[in-house]
Amino acid sequence: EFHVAKGNLIGTYWNNIVPRGTASATKWVFVLASTASSKEGSFLWLCQSNKDLFCVSDQNPQFRPSTVQLPPETEMVHYSACQDAIWGLDSLGQIFIRTLSSSCPTGMHWTKLDLSQLGAVKLISLTCGNQHVWACDTSGGIYFRVGTQPLNPSLMLPAWIMIEPPIQPVGINLVSIHSSPNDQMLWAIDSKWNVHVRVGITDEMPVGTDWEHVPGLQACQLAISTRTVWARCPNGDVARRYGITDKNPAGDYWKKIPGNVSRLTVTPLDELWAISTSGSLLQRLTKTFSHSHSLQKNNDTSVLLHPDDFEDEWEVI
């Protein structure tokens, strides 16, 4: 069989990264990318277990990690980070916030967040945008909060606003929530691995207006950049959602990319990182093969066309 590509081609390579000072056999279980507090590039937050946390800048060619002390006697089950804070959720549903700044990029200490407003509710997932935080509880309830810091400037406790979850059959609840770094997109996964998107999010209406089911695949994890949504399927496959616009927040279709991973994250600029099924840290590299001479002359094709935006397919001749 011969295969011909009508348009451009993207080559994908998952590069194994061994952070400086760690053994190549080190098994990682978690990776999270966020905007660096130093204003340049992205941070990667890495864990080997639920009792440790490391931070590394993707601007550091040696990827030398720094150790971040965790609150004593806590087992962290989830993290989310933005430019000025990292939020941690522990196994008891408590939230700890670590303020980040350019002068102290990985922060000084953790502050336990007062969750008394939520009563007996136990949170199981949270996500930080640039200014807003969303959370999900054990019964699928969704909460919205303005501000990523423990206290806002007026020293009032920012209130959690409860948002109606999507209408679902009995026994199916939302279990995880995922925001874009610029607060423009909010997606969620339910207990049957169905994907949902919050529609109607604007600067004037940051909580959005409704939920929409996103068909096409099941996902157990989502990773969202400022421009697109990536999904990790239950079998470890990775897919990208195409066609997302302000007017079409759910996009049009999913398309899988090469790779099989146990954890996935994406930087705000759409660079994918992952943990392999064997526990290695992986960075996705792409190369675009273009029919266009104008693109070939310019080495930095990313300025003109983002490689993942090519939607051309192979066809058999």
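Take Asp203 and tell me if it is in contact with an Asp or Glu (Cβ under 9 Å, 6 or more places away or on another chain) and within 22 Å of Met162 (Cβ to Cβ).
The answer is yes for Asp203.
Any residue at all in the range 192-203 that is touching a Phe, Trp or Tyr at 6+ places or on another chain (Cβ under 8 Å), modelled with pLDDT of 95 or more and closer than 30 Å to Gly279 by Cβ? It would help to see each step written out before you state the result.
Going through the range 192-203, the residues touching a Phe, Trp or Tyr at 6+ places or on another chain (Cβ under 8 Å) turn out to be 195-199.
Filter once more, keeping what is modelled with pLDDT of 95 or more: 195-199.
When the remaining residues are screened for being closer than 30 Å to Gly279 by Cβ, the result is 195.
Yes; the residues of the range 192-203 include at least one that is touching a Phe, Trp or Tyr at 6+ places or on another chain (Cβ under 8 Å), modelled with pLDDT of 95 or more and closer than 30 Å to Gly279 by Cβ.
Step by step: first the residues of the range 203-230, then only those that are assigned to a strand (DSSP E or B) and among the charged types (D, E, K, R), then the one that is surrounded by the most Cβ atoms within 10 Å (Cβ to Cβ). Which residue is that? I'd like the intermediate steps shown before the answer.
In the first step, residues of the range 203-230 are kept if they are assigned to a strand (DSSP E or B); the result is 210-214, 221-224, 229-230.
Filter once more, so that each one left must be among the charged types (D, E, K, R): 210, 212.
Details: Asp210: 10, Glu212: 14.
Here the answer is Glu212.
Every residue, every condition in (1) without any contact (Cβ under 8 Å) to a residue 40 or more places away in the chain; (2) more than 20 Å from Val121 (Cα to Cα); (3) touching a helix residue (DSSP H, G or I) at 6+ places or on another chain (Cβ under 9 Å); (4) not hydroxyl-bearing (Ser, Thr, Tyr), yes or no:
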| position | (1), (2), (3), (4) |
| --- | --- |
| Phe144 | no, no, no, yes |
| Pro166 | no, no, no, yes |
| Asn194 | yes, yes, no, yes |
| Leu222 | no, yes, no, yes |
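Taking Tyr143 and the conditions (1) under 29 Å from Val170 (Cα atoms); (2) in a loop (DSSP other than H, G, I, E, B), which numbered condition does it fall short on, given that it satisfies the others?
Of the numbered conditions (1) under 29 Å from Val170 (Cα atoms); (2) in a loop (DSSP other than H, G, I, E, B), the odd one out for Tyr143 is (2).
For the range 86-110, which positions are of a type in the set (S, T, N, Q) and either more than 21 Å from Ile161 (Cα to Cα) or under 20 Å from the mean Cα position of the chain (by Cα) (or both)?
Correct list: Ser91, Thr99, Ser101, Ser102, Ser103, Thr106.
Does Val175 satisfy the condition of being assigned to a strand (DSSP E or B), out of contact with any Leu (no Cβ under 9 Å at 6 or more places or on another chain) and under 30 Å from Ala36 (Cα atoms)?
Working: assigned to a strand (DSSP E or B): yes; out of contact with any Leu (no Cβ under 9 Å at 6 or more places or on another chain): yes; under 30 Å from Ala36 (Cα atoms): yes.
So Val175 passes the test.
In this structure, does Gly140 turn out to be within 28 Å of Pro71 (Cβ to Cβ) and more than 18 Å from the chain's Cα centre (by Cα)?
Here the answer is yes, as Gly140 does meet what is asked.
Tell me, which strands (runs of 3 or more DSSP E) lie completely within the range 1-114 with 1 or more residues that are surrounded by fewer than 17 Cβ atoms within 10 Å (Cβ to Cβ) and touching a residue at least 12 places away in the same chain (Cβ under 8 Å)?
3-5, 9-17, 76-81, 110-112
With Gly236, Gly200, Gly129 as the choices, which residue is among the small types (Gly, Ala, Ser) and surrounded by 20 or more Cβ atoms within 10 Å (Cβ to Cβ)?
None of the others qualify; the one that does is Gly129.
The values are calculated or read from the model by the stated rules, or taken from the named source; none is laboratory data. Values in this document were obtained by computation on a predicted structure and should not be read as measured data. Don't worry about glycine lacking a Cβ; one is built from the backbone with ideal geometry, like all the others, and counts go over all protein chains shown.
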